[in-house]
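Q: What follows is a structure written as structure tokens; I'll ask about it next.
The values are calculated or read from the model by the stated rules, or taken from the named source; none is laboratory data. Bear in mind that the values here come from a model prediction, so they are computed numbers and not experimental data. With ideal geometry, Cβ positions are generated from the backbone for all residues, glycine too; neighbour counts draw on all protein chains shown.
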Amino acid sequence: MGLSNFVPQPLYREEEHRVWRTLYARMQERWDRYANLRYLEGMSALHLDPDRIPRLEDVNRFLCPRTGFVAKPVGGYVPAYVFFDCLRRREFPTTVTIRPADQLDYLPEPDIFHDVAGHVPMHTDAAFAEALVRFGECAHSAAELAGGIRDRKKRMRRIESILKAMARFFWFTVEFGLMRENDGLKACGSGLLSSYGELGHAIESPDVERVELRLEDVVHQPFEIDHYQPLLMVLESFEQLYDMVGSLERWIRSGRLDEVAPGEPQISMGDLKSFLVAEHVAA
Ligand SMILES: [Fe+2]
């Protein structure tokens, strides 16, 4: 499952390396101020080149011995089940294109800077890596459940609700999470850690509401992707995240996520279908 989404990593033009260099250089001072400690340790463990877009095999030489995770190159959209199933196998689908030089600040889609400089440093941390694997197990449980529901409409509705809950939880933690550290706040979400403008805003702006992460809230909390986040959630530790993903899986199995609050994100037919195809291979 998923192998067909993998592509070879291309060779990059000089102007593409220049985009990486510019993004990396201006983030450095922000990472020092606002990134959580595990991220900073991960960054130094990976030995990323500030001047050149990394080759994923070089990243994996330092990453894989730590947690078993590898960054695998993908081209474009990866259906939700395939994405989570990769995590279960400790493979991180990694976008290999880089944003254009005239769109340094805002890009709705992930690029290699978001994926490698934003996500991958966290994958060097054991507890965080285990939490990602558990996300994959949640998807597996959801697909198994779907396989047991005969009525097609009911099956689609149930998977849609579970997937909405998973997407919200992933969004408010892995993508946009904050973390308490020594009585202060740091960023741990990759969407923040790869955004020059939003990183400082997330920690310091009085316009952002910051609340404790609670599973019973986050699964019902809609989010929007096209502007700075007005609401962020604060984790205590990656061990807490790991425990909460375990609870998420229990809630999937017990039916507690079958009717989460409506609203964003909308779940695409491609994402829904990826779970229904998966039911044949999930056992
Ligand atoms: Fe991301």
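Q: So I149 clears everything in (1) over 27 Å from Y34 (Cβ atoms); (2) not in a loop (DSSP other than H, G, I, E, B); (3) not acidic (D, E) except one condition, right? Which one?
A: Every condition holds for I149 apart from (2).
Q: Examine the range 217-225 for a residue that is part of a loop (DSSP other than H, G, I, E, B), free of Cβ contacts under 8 Å to residues at least 12 places away in the same chain and away from the ligand (no atom under 13 Å from the Cβ), and state whether such a residue exists.
A: no
Q: Under the condition of being more than 16 Å from the ligand (Cβ to nearest atom) and at pLDDT below 95, which residue from the range 102-139 is farthest from the chain's Cα centre (by Cα)?
A: Taking the candidates together, the pick is D102.
Q: Of all the residues that make up the range 239-264, how many are in contact with a helix residue (DSSP H, G or I) (Cβ under 7 Å, 6 or more places away or on another chain), crowded, with 16+ Cβ neighbours inside 10 Å and not β-branched (V, I, T)?
A: Looking only at that region, the number is 7.
Q: Quick one: what pairs do we get from the range 96-116, first residue without any contact (Cβ under 8 Å) to a residue 60 or more places away in the chain, second within 14 Å of the ligand (Cβ to nearest atom) and of a type in the set (F, W, Y), C-beta under 9 Å, 6+ apart or different chains?
A: L107/F113; E109/Y77
Q: While we're looking at this one, here's another question. Collect the residues in the range 144-155 that are hydrophobic (A, V, I, L, M, F, W, C) and over 19 Å from L248 (Cα atoms), keeping them in residue-number order.
A: Residue satisfying the conditions is I149 alone.
Q: Among the residues of the range 30-53, is there at least one that is part of a loop (DSSP other than H, G, I, E, B) and touching a strand residue (DSSP E or B) at 6+ places or on another chain (Cβ under 8 Å)?
A: yes
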